[in-house]
Amino acid sequence: EPEVTQTPSHQVTQMGQEVILRCVPISNHLYFYWYRQILGQKVEFLVSFYNNEISEKSEIFDDQFSVERPDGSNFTLKIRSTKLEDSAMYFCASSPPGTELAGGPSGVTQYFGPGTRLTVL
Amino acid sequence: AQSVTQLDSHVSVSEGTPVLLRCNYSSSYSPSLFWYVQHPNKGLQLLLKYTSAATLVKGINGFEAEFKKSETSFHLTKPSAHMSDAAEYFCVVRRDSWGKLQFGAGTQVVVTP
């Protein structure tokens, strides 16, 4: 069964460094997402991506964050200058085409990857 | 605005006994609701989803959930717990048509022999 994969599984970085978290969504999926879970807190939405552009982003997703689908298979999250508070588990998700109501993938499931644990020292 | 509240942060059950994980939601319109499970060091796996079809939804691994609009609840049940059910369970609501999911705080399930 196809799965979303993420690399690396664990990334340790120094504060102020740039990190790129990589995801390979399921191949026929069109919608892509990043979520994060700070230890002990809820899973939070960061950004959704469709048709090579951001469709929605949360207030967390500030100018330090960017997403890209560079080659039609990978989906990356870049944090330009990491802060201590960026330490979290980052989950990538993707979903297939659905019943596109109001411009979005209504009625379809998001499939999550195993996550990348980011530790900022 | 939509939100979900998981009423129990921890649930401990004996193997072979029923499991009940409680979730209440608030939504300004008919929601899409999901239960995801996260085993240690694993990703989030979909257990089941409700998208305005049958109110009793059957999922994987013997789990099911009932959507009750009058009670704004979407509780997850399983008749007989297995040791492999030990995990964290998340009740999730879809926030908008672009698919943004809002997660509950999670319920940690412990299964004792």
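The values are calculated or read from the model by the stated rules, or taken from the named source; none is laboratory data. Only a predicted model underlies this, so the values are computations on that prediction, with no experimental measurement involved. Cβ: placed from backbone, ideal geometry, glycine included. Neighbour counts: every protein chain shown. All accessible areas refer to the heavy atoms of the entire protein, side chains included, with ligands and DNA or RNA removed. Shrake-Rupley method; radii C 1.70, N 1.55, O 1.52, S 1.80 Å.
When you go through B:SER70, B:SER52, B:SER12 one by one, which is the residue that is of a type in the set (Gly, Ala, Ser), assigned to a strand (DSSP E or B) and open to solvent by 50 Å² or more (accessible area, probe 1.4 Å)?
Of B:SER70, B:SER52, B:SER12, the one residue that is of a type in the set (Gly, Ala, Ser), assigned to a strand (DSSP E or B) and open to solvent by 50 Å² or more (accessible area, probe 1.4 Å) is B:SER12.
Mind counting the residues in the range B:73-91 that are part of a strand (DSSP E or B), among the aliphatic types (A, V, I, L, M) and in contact with a Ser or Thr (Cβ under 9 Å, 6 or more places away or on another chain)?
Of the residues in the range B:73-91, 1 are part of a strand (DSSP E or B), among the aliphatic types (A, V, I, L, M) and in contact with a Ser or Thr (Cβ under 9 Å, 6 or more places away or on another chain).
Could you look through the range A:17-52, keep only residues that are away from every other protein chain (no Cβ under 12 Å) and part of a strand (DSSP E or B), and pick out the one that is surrounded by the fewest Cβ atoms within 10 Å (Cβ to Cβ)?
By that ranking, first place goes to A:ILE20.
Only one residue in A:SER66, A:SER73 is farther than 29 Å from B:LEU48 by Cβ, out of contact with any helix residue (DSSP H, G or I) (no Cβ under 6 Å at 6 or more places or on another chain) and part of a loop (DSSP other than H, G, I, E, B), so which one is that?
A:SER73
Which of the residues that make up the range A:55-65 are open to solvent by 70 Å² or more (accessible area, probe 1.4 Å) and facing chain B (nearest Cβ under 10 Å)?
Once the filter is applied, which keeps residues that are open to solvent by 70 Å² or more (accessible area, probe 1.4 Å) and facing chain B (nearest Cβ under 10 Å), the range A:55-65 yields only A:LYS57.
Assess whether B:LEU76 counts as being aliphatic (A, V, I, L, M), in contact with a Cys (Cβ under 8 Å, 6 or more places away or on another chain) and either touching a residue at least 24 places away in the same chain (Cβ under 8 Å) or within 23 Å of A:TYR111 (Cα to Cα) (or both).
In short, yes.
Out of the range B:75-96, which residues are more than 13 Å from A:VAL43 (Cα to Cα), among the hydrophobic types (A, V, I, L, M, F, W, C) and under 10 Å from the mean Cα position of the chain (by Cα)?
Within the range B:75-96, B:LEU76 is the sole residue that qualifies.
Let me confirm something: among B:LEU20, B:LEU46, which residue is under 27 Å from A:GLU59 (Cβ atoms), open to solvent by 20 Å² or more (accessible area, probe 1.4 Å), part of a strand (DSSP E or B) and not small (Gly, Ala, Ser)?
Unique residue meeting the criteria: B:LEU46.
Yes or no: A:LEU30 of a type in the set (A, V, I, L, M, F, W, C) and more than 14 Å from B:LYS100 (Cβ to Cβ)?
Yes, satisfied.
Go through the range B:25-43 residue by residue and tally those that are open to solvent by 40 Å² or more (accessible area, probe 1.4 Å) and in a strand (DSSP E or B).
Of the residues in that region, 1 qualify.
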